[in-house]
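Below: the structure, in structure tokens.
The values are calculated or read from the model by the stated rules, or taken from the named source; none is laboratory data. Small disclaimer: the values here were computed from a predicted structure and weren't measured. Cβ placement follows ideal geometry from the backbone for every residue including glycine, while neighbour counts extend to all protein chains displayed. Side chains included, ligands, DNA and RNA excluded: accessible areas come from the protein's heavy atoms. Shrake-Rupley method; radii C 1.70, N 1.55, O 1.52, S 1.80 Å.
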Amino acid sequence: MPSGVRVAIALGSNLGDRDAHLRYAVTRLSTILTDLRVSTFHNTAAVEVDEPQPDYLNAVVSGTTTLTPHALLAEMLTIERERGRERPSLRASRTLDLDLIFYGDQVISTPDLTVPHPRWRERAFVVGPLSEVWDDLGR
């Protein structure tokens, strides 16, 4: 198991009490990440969707974990489910969405996990909050 890998996770919500969903995720992530840093919450319009959706509340957290990438992903999916996340379609509105942006300097490409997140640079709702909690964005 890796020791002390620095990670960044994007958080988003556009259903229900968005603020409560993000705060819940931060609380839960604090149980599996040390040295937790949390960006401010940003209100952003939904992008890349086929039909109108409510605005998102987005944030990014960074911290250190001893979990493997897939174990971390499993924890993130559990946290999403705890907040009622359903997946009726790829870009459906959601109570809580957690995306692993970075797992140290590792490049991972498996059917269920791609790291770094392939579109993080294209998404202002990730780049802005990420710049608040991740000092070396010159990737």
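A few notes on this one:
- Here L33 meets each of (1) open to solvent by less than 60 Å² (accessible area, probe 1.4 Å); (2) more than 22 Å from G104 (Cβ to Cβ); (3) without any contact (Cβ under 8 Å) to a residue 40 or more places away in the chain with one exception, condition (2).
- Residue count for the stretch 68-104, restricted to those that are over 21 Å from V26 (Cβ atoms) and at pLDDT below 90: 7
- Selection over the stretch 109-139 of residues that are farther than 20 Å from V26 by Cα and at pLDDT 85 or above gives a count of 5.
- Inter-residue pairs, beta-carbon under 7 Å, first of a type in the set (K, R) and in the stretch 14-30, second surrounded by 19 or more Cβ atoms within 10 Å (Cβ to Cβ), 6+ apart: R18/L57; R28/I79
- Selection count, the stretch 1-34, where residues are among the charged types (D, E, K, R) and assigned to a strand (DSSP E or B): 1
- Qualifying positions in the stretch 10-47 - small (G, A, S) and within 19 Å of R91 (Cα to Cα): A10, G12, S13, G16, A45, A46
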